[in-house]
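For reference, the structure is listed below as structure tokens.
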Amino acid sequence: MTSARIHERHLFGPGPSNAYPEATLALAAPLLGHLDPAFLAIMDGTCEMLRRVWGTENARTLPISATGSAGMEAAFVNTVHPGDVVVVAVNGLFGQRMCDVAARCGAEVVAVEHEWGQPVDVERVLGAHAAPAIIAAVHAETSTGVRSDIAALGAAKGDALLLVDAVTSIGGIELRADDWGVDIGYAGTQKCLGVAPGLAPFTINDRAFDRRVERPRSWYLDLGLLGGYVGEASGSGGRTYHHTAPVAMVASLHAGLARILDEGLEAVWARHEAAGRQLQEGLEELGLELFAAEGHRLPELTTVKVPDGVDSAAVRRYLLETHDVEIGAGAGAYAGSVWRIGLMGHNARPDAVLLVLAALRDALAHA
Ligand code: PLP
């Protein structure tokens, strides 16, 4: 019999970050029943803290029990009526995924394509159709490391609903759903929130909820049913059973959110900003070239060009095997020519930046 090795990785990829210690510890706590009043209090507290990180007063703010992609699916399946025009700003992989999901929900998709590495061109997106039902965009494109201006889209969206992917922005960079005119937003737990993957923080305002599909094709993601499950519709306490909540994950998210709000949301954003700047300067000092357009770079996810003649996969393997450091490959057409380095949540710290820079310097010397 062999024993499984417990890996202690430093996760600097675009996927899960190293979770905040509080969030990891919460996973080891004794389980509560999903209808235990103590758990319901944790769920209520989680929804309340999610409102704060989203920057929203929306009553319908909840962790959907599935990953960020399910949040995307919930956003579209509840709001796209057959034949609706949905304008999607596509500047990377996740904008592309939005098009696929919206089309499966019966939308007439108008994809506004951008060169990868560039931010969303707000004028082009707004001019793509005279009267779309929905305008959709990714705030922080994880495939390219680019931030787009959601506030500018919201300010000029007209009668359209604004649907935003905040998977890689929430808890890392400024996000103000209500002030920016975001009607529907979804996120993930594994990035800057510093929790394991598995939940999709979700928010929808009354304007979007009132236009929703009455009987969406998905039962599990039907927001009409999920509302009762989290008790948002229940000033009177009436909750309906919808599914068995992933109690450990919700407790972990609760702990991660509490950690962020204890530190202070703006302080957390500033910590990400500082770490990202330190990393990007350090990479340039190593002679590497950054991929994302200057002025639009995310601090929490840096894309860097693999130098000519360097085997991208061999460097990543060396980092993992020699230093237990994971960085990501590029996405799509850039799989072999770009690296993606995440500094999310617990990893957005100066010592983590020094570690990944030193490891990369060593790996390049061996390349
Ligand atoms: N949107 C963005 C911007 C992402 O980065 C990701 C995952 O990396 C997703 C959506 C999908 O989330 P998940 O992998 O949790 O389903």
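All of the numbers you see were taken from the coordinates with simple rules; none came from a lab. This is a predicted model, so every value here is computed, not measured. Here the Cβ is made from the backbone with ideal geometry for all residues, glycine too, and neighbour counts use every protein chain on show.
Results, tabulated for the structure shown:
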quantity: Cα gyration tensor shape for the chain, rounded if a/c is under 1.5, else prolate or oblate; calculated: oblate
quantity: Sorted by Cβ density within 10 Å, fewest first, the residues TRP219, TRP339; calculated: TRP219, TRP339
quantity: Whole-number percent relative contact order across the chain, with pairs defined as alpha carbons under 8 Å at least 6 apart; calculated: 24
quantity: Interchain or long-range residues, amide H under 5 Å from ALA111's placed H; calculated: VAL88
quantity: Neighbourhood net charge (13 Å Cβ-Cβ; Lys/Arg +1, Asp/Glu -1) for VAL87; calculated: -4
quantity: Per-residue Cβ neighbour rank within 10 angstrom, fewest leading, TYR241, TYR334, TYR220; calculated: TYR241, TYR220, TYR334
quantity: Among ILE64, ALA274, LEU261 the positive-end extreme of the charge dipole of the chain (Cβ point charges); calculated: ILE64
quantity: Backbone HN-Hα couplings from phi across the stretch 333-342 [Karplus 6.51/-1.76/1.60, Hz, Gly and Pro as x]; calculated: 5, 9, 3, x, 10, 9, 10, 10, 10, x
quantity: The stretch 21-102, relative contact order [Cα under 8 Å, separation at least 6], %; calculated: 17
quantity: Length released on extending from ALA28 to GLN118, taking residue separation times 0.36 nm less the Cα-Cα span; calculated: 28.2 nm
quantity: Net charge of neighbours whose Cβ lies under 13 Å from the Cβ of HIS7, counting Lys and Arg as +1 and Asp and Glu as -1; calculated: -2
quantity: Structure-based [θ]222 nm, the chain - -39500 (n - 2.57) summed over DSSP H runs of at least 4, per residue, nearest 500; calculated: -11500 deg cm²/dmol
quantity: Net charge over other residues, Cβ less than 13 angstrom from the Cβ of LYS191 (K, R count +1; D, E count -1); calculated: -2
quantity: Loop GluC sites (Glu not before Pro), the stretch 123-192 (other Cβ atoms within 10 Å of the site Cβ: 14 or fewer; DSSP); calculated: none
quantity: Cα shape, the stretch 140-259, gyration tensor, a/c 1.5 rule; calculated: oblate
quantity: Nearest-20 debye value, the stretch 21-262 charge dipole, Cβ charges on Lys, Arg, Asp, Glu; calculated: 400
